[in-house]
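The values are calculated or read from the model by the stated rules, or taken from the named source; none is laboratory data. Just so it is clear, the structure is predicted and the values come from calculations on it, not from any experiment. With ideal geometry, Cβ positions are generated from the backbone for all residues, glycine too; neighbour counts draw on all protein chains shown. Quick note on the areas: whole protein, heavy atoms, side chains included, nothing else; ligands and nucleic acids left out. Shrake-Rupley method; radii C 1.70, N 1.55, O 1.52, S 1.80 Å.
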Amino acid sequence: GNIEVRIVIHRINISDLKGTILFLKDLFIAHKNWYVVIIHYEIEGQCEKNYKKIGLRLKDSSKVIEEMYPEVFKMVPIRLYHFPLCVLKPELRKYAWKTLPDEELAYPDRKCKKCKFRKICPGLMLRYYEIYGANELKTIH
C-alpha cells in the first residue's frame with residue numbers, strides 16, 4: 001500500500017519544511033509508494049487557541065513552497081492541502097487537492113465568483129477567512 005506522510009505547517013515549523021521533506025526522502029528511499037502531504041494548518045482546537053503564536057498566512061506558506069519548486073518536487077511526490085489555487089503559482093496548482101467539505105470553505109464573491117478555477121478550487125478555509133479575510137486571494141481570468 002501507500003505510505004502518506006502528513007506535515008501540518010504553521011509559523012513554528014515552516015522554516016524546517018524543506019529539510020523535513022529531504023529527511024523523509026532519505027528515510028523512505030527504499031519505498032516506492034509514498035508521498036508527502038503539506039497541509040496548511042486549520043484554525044481549530046489548540047491551533048485556534050494558539051493562532052497568534054503559530055499563525056501562518058497562506059501568502060507566507062505558499063512562498064516557502066514556491067522556493068522548493070521544482071527541486072524538491074522532482075525528488076518527492078507532494079500533495080498540497082488547504083491551498084486555494086490563486087495563492088499558488090500556476091505550476092504548483094496541479095499539486096493542490098480539495099479535502100474539506102464545502103461547509104468548511106469560503107469562496108468570497110468579490111474574489112471567487114468570476115474566477116475560472118472556482119469549480120475546481122480547494123477554496124479558502126472558512127475560519128481562516130473569518131480571521132484573515134480574503135485579501136490574499138486573486139481572481140484568475
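Under a plain spin-label model, where a point goes 7 Å from the Cα along Cα-to-Cβ, how far apart in nm are LYS18 and LYS113?
Going by the 7 Å Cα→Cβ label model, 4.1 nm.
What is the gain in length, in nm to one decimal, between LYS52 and ILE29 on full extension, counting 0.36 nm per residue of separation less the C-alpha to C-alpha distance?
Contour length minus Cα-Cα distance gives 4.6 nm.
Can you spot the aspartates and glutamates whose alpha carbon is less than 19 Å from LYS114's alpha carbon? Ignore those fewer than 8 places along the same chain.
ASP102, GLU136
Kindly report the accessible area of the chain per residue (heavy atoms of protein chains, probe 1.4 Å, no ligands, DNA or RNA), in Å².
I get 58 Å² per residue for the chain.
Where the accessible area of the chain is counted over protein heavy atoms with a 1.4 Å probe, how much of it, in %, is carbon and sulfur?
Of all accessible area on the chain, carbon and sulfur atoms account for 51 percent.
Between 0 and 90 degrees, rounded to the nearest ten: what's the tilt of helix 58-68 against the longest Cα principal axis of the chain?
Rounded to the nearest ten degrees, it is 30.
Report, in debye and to the nearest 20, how large the dipole of the chain comes out about its Cα centre when Lys and Arg carry +1 and Asp and Glu carry -1 on their Cβ.
The dipole magnitude comes to about 520 debye.
Quick one: angle between helix 17-27 and the longest Cα principal axis of the chain, in degrees between 0 and 90, rounded to 10, please.
Long axis of 17-27 versus the principal axis of the chain: about 30 degrees.
What 222 nm value per residue comes from the helices of the chain, counting each DSSP H run with n ≥ 4 as -39,500 (n - 2.57) and dividing by all residues, nearest 500 deg cm²/dmol?
For the chain, the value works out to -8000 deg cm²/dmol.
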